[in-house]
Structures are given as structure tokens and as C-alpha cells.
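All remarks here apply to the structure that follows.
Read-outs: derived from the displayed coordinates by stated rules, not from any lab. Bear in mind that the values here come from a model prediction, so they are computed numbers and not experimental data. In this analysis, Cβ positions are derived from the backbone assuming ideal geometry, glycine residues included, and neighbour counts consider all displayed protein chains.
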There are 2 protein chains.
Amino acid sequence: MDWRERKARGITRPDPTPEERERFMREALTEAQLAMHDGEVPIGAVVVRDGEVVGRGHNRRETGKNALYHAEVLAIDEACKTLGGWRLWECDLYVTLEPCPMCAGALINARVRHVYYGAKDEKAGSVESVTKLFDLPYNHRPTAEGGILEEECGALLTEFFETLRKK
Amino acid sequence: MDWRERKARGITRPDPTPEERERFMREALTEAQLAMHDGEVPIGAVVVRDGEVVGRGHNRRETGKNALYHAEVLAIDEACKTLGGWRLWECDLYVTLEPCPMCAGALINARVRHVYYGAKDEKAGSVESVTKLFDLPYNHRPTAEGGILEEECGALLTEFFETLRKK
């Protein structure tokens with residue numbers, strides 16, 4: 001994002017460096033490990049503002065018995081509570097798997113600045129795979145970058161599904 | 001939906017009659033009135049299973065200080081808690097305004113059967129306006145029908161924004 005677009009969006013905080021991107025994706029991976037430990041599909045997410053994690057979440061759909069309990073939704077929910085408002089203007093989200101339509105929509109609604117994800121999701125991913133929701137004319141469009149620690153994020157999912165098949 | 005599609009989807013419960021559709025959209029309108037009363041954009045939703053309301057919600061984004069608190073998300077959340085599971089297979093959702101991408105995605109994730117809505121949303125509606133999420137190859141596709149009590153649903157929104165402009 002160049003300075004003109006930053007100014008147009010009223011963004012004053014600097015973008016994360018490549019090192020920070022990796023560091024925060026590792027935090028999302030730690031969340032994914034927690035999901036794995038509970039027997040859930042291992043997906044994790046963190047919301048970061050000003051170099052600080054303000055929301056965390058991991059997939060809890062089965063144990064929480066709730067269709068809404070995706071990693072991103074839970075991380076956004078916690079970030080809104082931490083920051084005391086619904087506008088996550090200067091926040092970035094890191095998630096191990098490409099967001100589904102619900103989560104991509106939640107990122108638009110919460111006005112999240114940048115979205116960084118690891119592995120692609122051919123079946124439900126809605127940033128680049130099934131559709132490209134951030135390219136449509138909604139009133140906010142987060143920028144997105146996939147492929148951050150892609151191999152590790154994908155390997156965790158592969159491991160989970162292989163273990164499942166053996167059972 | 002004809003009997004072949006019903007059978008393929010494993011649906012045994014009958015579809016709502018036109019009278020039932022109106023009745024449940026009135027319940028969604030009652031929820032929208034509650035939002036209006038709190039100074040929120042008046043949008044309401046209910047989840048119905050077997051002719052019974054199992055989840056209710058109205059827009060609480062401002063008062064709840066949370067980007068996720070759309071009517072549909074709150075109604076789905078309550079329905080998952082009422083029914084004790086994340087699969088709302090045989091549930092229908094009624095909402096006064098065409099769902100946004102987050103809510104349309106949540107309806108896909110929760111495997112909701114039919115979605116009935118009132119007014120169109122040209123700016124964020126993602127069932128027929130900005131995009132048609134239910135036509136994409138996700139692993140579940142709810143059927144959708146708009147225009148149920150469209151005039152009343154739209155009038156409430158017009159009234160809200162007119163009052164806002166006068167302030």
C-alpha cells in the first residue's frame with residue numbers, strides 16, 4: 001500500500017515488516033495447534049494492532065457446537081472486546097488458512113486493514129479460490145496476501161486429516 | 001424445492017406455507033423494531049425449525065460495540081445453542097434485509113435450508129445484489145427467496161435513516 005492510499009484510508013500506523021508477518025503467523029500457528037489438540041481442524045488466527053496481539057482464536061466448531069466458531073470470527077470478537085469498538089481500522093489479521101465467505105465478510109465488516117494467510121483453501125476460500133470477496137465494491141476492502149509460512153500451515157492440516165483417516 | 005432435491009438433501013420437514021413465511025417475517029420485523037428502539041439500523045432475524053422459532057437476533061453493532069453483531073449472526077448463534085449443535089440442517093432463516101457476505105457465509109456454514117428476506121441491499125447484499133454467494137460451489141447452498149413483506153421491511157429502514165438525517 002503506497003502513502004497515497006494510506007493517506008486516503010487515514011492509516012498512520014506502519015505496515016508490518018516481513019519479519020513481523022512471520023512472527024505473527026507463528027502466533028496464528030500456535031492457535032492452530034490448540035485446535036489440533038482438541039481434535040478440531042487446526043486453523044488459528046490473531047488480530048494485531050501496533051505490533052501487539054489484541055485478539056486470538058482457533059477453530060472450535062465441534063467442541064463449541066457452533067457454526068460461527070471459526071478462528072477468525074473468534075479473534076475478531078476478542079479484538080472488538082479488547083479495543084471497545086467494532087471498527088478494527090488499524091488492525092491486521094493473520095490466519096493459517098484462506099478465509100471462508102463468512103470470515104472474509106467479517107473482515108470487511110470490521111474494516112480490518114490487511115489480511116495475511118498461510119495455505120489456500122480450494123473448497124471454501126473466498127479471497128482468491130472460490131471467489132474474491134475483497135475485489136467486490138463493498139464499503140471497505142482489506143488488502144490480502146497469502147502464502148505466509150504456507151508450508152507449515154498446510155502441513156498441520158495434512159497431518160490432521162491423515163490421522164483422522166487412520167482412525 | 002421438489003421431492004427429488006428434498007430427498008437428495010435428506011430433508012423430511014415440509015417447507016413453510018406462504019402464510020407461515022409472512023408470519024415468521026413478522027417475527028423478524030418485531031426484532032428489527034427492537035433494534036430501532038435502541039437507535040440501531042433496524043434489521044431483525046429469526047431461525048425457525050418445525051414451525052418454531054429457535055433463534056432470534058437484531059442488529060446490535062453499535063450498542064454491542066462488535067462488528068459481528070448482525071441480526072443473522074445473533075439468530076444463528078442462539079439457534080446453535082438452542083439445538084445443541086452447529087448443523088442447522090432443517091432450519092430456515094427469516095431476515096428483514098438481504099444478508100451481507102458475512103451473514104450469507106454464516107448461513108452456508110450453518111447449512112441452513114431456506115433463507116427468506118425482505119428488502120434488497122444494493123450496497124452489501126450478497127445473495128443477489130453485490131454478488132450471489134449461494135450460487136457458488138461451496139459445500140452447501142441454501143435456497144433463497146427475497147421480497148417477503150418487502151415494503152414493510154424497507155419502510156422501517158427508510159424511517160430510521162430519515163429520522164437520523166433530521167437529527
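I'd like the orientation of helix A:71-83 relative to chain A: the angle between its Cα long axis and the longest Cα principal axis, in ° from 0 to 90, rounded to 10.
40 degrees
How large are Rg and Dmax for region A:86-167 when calculated on the C-alpha trace, in angstrom?
Computed over the Cα atoms of region A:86-167, radius of gyration and Dmax are 13.8, 46 Å.
Quickly work out the B:K81-to-B:T158 label distance, labels modelled 7 Å from Cα along the C-beta direction, and quote it in nm with one decimal.
With each label point 7 Å from Cα toward Cβ, the separation is 3.6 nm.
Normalised by the residues of chain B, what does the relative contact order come to in percent, with Cα pairs under 8 Å and at least six apart?
Dividing the mean separation by the residue count of chain B yields 18 percent.
Using Stokes-Einstein with the Kirkwood hydrodynamic radius over Cα pairs, what translational diffusion coefficient do you get for the protein assembly as shown at 4 °C and a viscosity of 1.567 mPa s, in µm²/s rounded to a whole number?
Details: Rh = 20.3 Å.
In µm²/s, the coefficient is 64.
Can you give the Rg and Dmax of region A:28-126 based on its C-alpha atoms, in angstrom?
Over region A:28-126's Cα set, Rg and Dmax evaluate to 12.2, 35 Å.
On a 0 to 90° scale, report how tilted helix A:150-166 is relative to the longest principal axis of chain A, with both axes built from alpha carbons and the result rounded to the nearest 10.
The angle comes out at about 30 degrees.
Can you spot the aspartates and glutamates whose alpha carbon is less than 20 Å from A:K167's alpha carbon? Ignore those fewer than 8 places along the same chain.
A:D38, A:E40, A:E62, A:E159
If the elastic network links every pair of Cα atoms under 10 Å, which of B:P99, B:P18, B:P142 fluctuates the most in the Gaussian network model of chain B?
B:P18
Treating the point 7 Å from Cα along Cα-beta-carbon as the label, what are the nm separations from B:D50 to the other copies, to one decimal?
5.2
How big is D, in µm² s⁻¹, for region A:63-115 by Stokes-Einstein at 25 °C and 0.890 mPa s if Rh is the Kirkwood radius over C-alpha pairs? Let's see the in-between values first.
Numbers: Rh = 11.3 Å.
It comes out at roughly 217 µm²/s.
Straight-line reach from B:K132: which lysines fall under 16 Å, measuring Cα to Cα and dropping same-chain residues less than 8 apart?
A:K132, B:K120, B:K123
Relative to 2.2 N^0.38 Å, what does the C-alpha radius of gyration of region B:8-62 come to as a ratio? Two decimals please.
Numbers: Rg = 13.5 Å, N = 55, 2.2 N^0.38 = 10.1 Å.
With N residues counted in region B:8-62, Rg over 2.2 N^0.38 Å equals 1.33.
Taking each label point as 7 Å beyond Cα in the direction of the beta carbon, state the distances from A:R141 to the same residue in the other copies, shortest first, in nm.
So the distances to the same position in the other copies read 2.7 nm.
Below 21 Å, Cα to Cα, which lysines can B:K65 reach? Residues fewer than 8 away in the same chain don't count.
Here the lysines satisfying the reach criterion relative to B:K65 are A:K81.
Please identify the GluC sites (Glu not before Pro) of region A:25-127 that satisfy two criteria: DSSP loop assignment and at most 11 other Cβ atoms within 10 Å. Which are they?
Details: sites: A:E27, A:E31, A:E40, A:E52, A:E62, A:E72, A:E78, A:E90, A:E122; in loops: A:E40, A:E62, A:E90, A:E122.
Hits after loop and neighbour filter: A:E122.
Hey, what number do you get for the protein assembly as shown at 222 nm if only DSSP H runs of n ≥ 4 count, each worth -39500 (n - 2.57), divided across all residues, to the nearest 500?
Working: 10 runs with 130 residues, N = 334.
My calculation for the protein assembly as shown gives -12500 deg cm²/dmol from helical runs alone.
In nm, give the distance between the simple-model label positions of A:E27 and A:E62, each being 7 Å from the Cα along the Cα-to-Cβ direction.
Using points 7 Å along Cα→Cβ, the separation is 2.8 nm.
Based on the Cα gyration tensor of chain A, what are the three equivalent ellipsoid semi-axes, each the root of five times an eigenvalue, rounded to whole Å and given largest first? Working shown, then result.
Details: eigenvalues 133, 50, 48 Å².
For chain A, the semi-axes come out at 26, 16, 15 Å.
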